[in-house]
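Data first, discussion second: the structure below is written as structure tokens.
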């Protein structure tokens, strides 16, 4: 049976969507789930539902679609389209609810066969002022919507009218999903705890594997295997994204994928990996010495990145702007680049110069944060709604960054990546470091809650756990 706590929240979310649609005159919202994806020949990729659809239904079967009708006076109706009950297919593919059971179990007003979708949608759209659907999310959906609208327009001579306007449903859902309720925060905490254990296990496997290497030598994929084992053993359904396990200079490739490269003593290993639990992601990056002991140059840069992250965490408080953690982290990183000779003071004299010229981008080329939730790079506007656009001295337009508010969840992930080059001190060549945690903003200016704090990140804690 589905989680009743989750379903109550889904019902409340549907009611909020209806309220917002009613406030602008009413209409119909159409929201499909994700399609199944063929891996090769007759084998599919593991199925994962659409996050928007799951947010409003808690329903995880493919070939499903939700319709919400809302009138300006507050009346509403929810209709779930799903696969028919089919005991023969269930022998091959597993249990499916079927419309009759799904209606009662998931609390919608009606449930119909997905096979009747093209016949029923024009009826649901008839005489409605507007249709809302997620733009640029489901390839081909715009064509289907136009087909349903055309079927309604064909009835014009009988007095039936078609919706005159179309709106992006994501504009409503994105802002709702940006704020996590207590249930969502609890699931993310549990996902983070499982992921943290995976990082600990990988750290320990690295130092152990170098002392007693497998026949082919310790490889990146050995450490990835430890992560995947921990995720599934902890009850998570899958990794939240493709795991990055990068040994040595591979850590300087931001989206590197775990591969066959050897893990060697004296080098760093960067792991960016975390699990998804019950539809919610976690996102952790840790960097550690493969053999459990930082060298001098490694520790020097690691301390810079850790200090930058600490400054960013302190800046991530209610009332601050989304960009504030990045700005403070960047100043710490810029100072570190100057102090360790990665940026020559003869070219740029101070931190302000490093930032103004963009000299840091050679070593730090990404932002410090992103929203996180059902998707690891979660939806939500990064600019503050309703605030006027600032016109810069050069004539460019800048939207003011989003104000951080209680129950927003985001990452804090500064890094430094030093590729070998003639003008870079050789001691730092091939060092890539990123430290990433997930945080929840607290009320009243309190320090943020670090949801992933169980994953070691100080030099002392990393070296201790690897012993």
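Each reported figure results from applying straightforward, stated rules to the coordinates on display, with no laboratory input. Just so you know, these numbers come straight off a predicted model, no measurement behind them. Here the Cβ is made from the backbone with ideal geometry for all residues, glycine too, and neighbour counts use every protein chain on show.
Summary of computed values
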| quantity | calculated |
| --- | --- |
| The chain: angle of helix 296-315 to the longest principal axis, Cα-based, in degrees nearest 10 | 40 |
| The range 48-195: projected area of the alpha-carbon convex hull, averaged over directions, in nm² | 11.6 |
| Sorted by Cβ density within 10 Å, fewest first, the residues 106, 179 | 179, 106 |
| In nm, spacing of pseudo-spin labels at residue 44 and residue 299 (7 Å Cα→C-beta vector) | 5.3 |
| Rounded to 10°, Cα long-axis angle of helix 4-23 versus longest principal axis of the chain | 70 |
| FRET efficiency, 1/(1 + (r/R0)^6) with R0 22 Å, evaluated for residue 238 and residue 89 via beta carbons | 0.40 |
| C-alpha long axis of helix 220-233 to longest principal axis of the chain, angle in ° | 50 |
| Relative pair counts by distance (%), Cα atoms of the range 2-109, 5 Å bins | 2, 12, 20, 22, 18, 12, 7, 4, 2, 1, 0 |
| Footprinting exposure proxy for 396, 407 (fewest neighbouring C-beta atoms within 10 Å first) | 396, 407 |
| Theoretical gain in end-to-end length, residue 405 to residue 142 [0.36 nm per residue, Cα-Cα removed] | 91.3 nm |
| For the range 27-70, alpha-carbon Rg over 2.2 N^0.38 Å | 1.34 |
| Footprinting exposure proxy for 226, 406, 463 (fewest neighbouring C-beta atoms within 10 Å first) | 406, 463, 226 |
| Where a label projected 7 Å from the Cα of residue 161 along Cα→Cβ would reach, residues of the range 61-82 with amide N under 16 Å | 70-73 |
| Whether the range 179-466 is rounded, prolate or oblate, judged on the alpha carbon gyration tensor where a/c under 1.5 counts as rounded | oblate |
| Distance (nanometres) between label positions extended 7 Å along Cα→Cβ at residue 104 and residue 454 | 3.8 |
| Pairwise centroid distance, computed over Cα atoms, of the range 393-421 with the range 278-326, Å | 14 |
| FRET efficiency for residue 394 and residue 182, using Cβ-Cβ distance with R0 set to 35 Å, rounded to 0.05 | 0.20 |
| Percent antiparallel among DSSP beta bridges (both partners in the range 4-177, rounded to 5) | 60 |
| Fully extended contour minus Cα-Cα distance, from residue 377 to residue 221, at 0.36 nm per residue | 53.7 nm |
| Calculated FRET value between residue 154 and residue 204, using beta carbons and R₀ = 56 Å, to 0.05 | 0.25 |
| Hydrodynamic radius (Kirkwood) for the range 377-467, which is based on Cα pairs only, to one decimal in Å | 17.2 |
| Label-to-label distance, nm, for residues given as residue 37 and residue 23 (7 Å Cα→Cβ offset) | 3.4 |
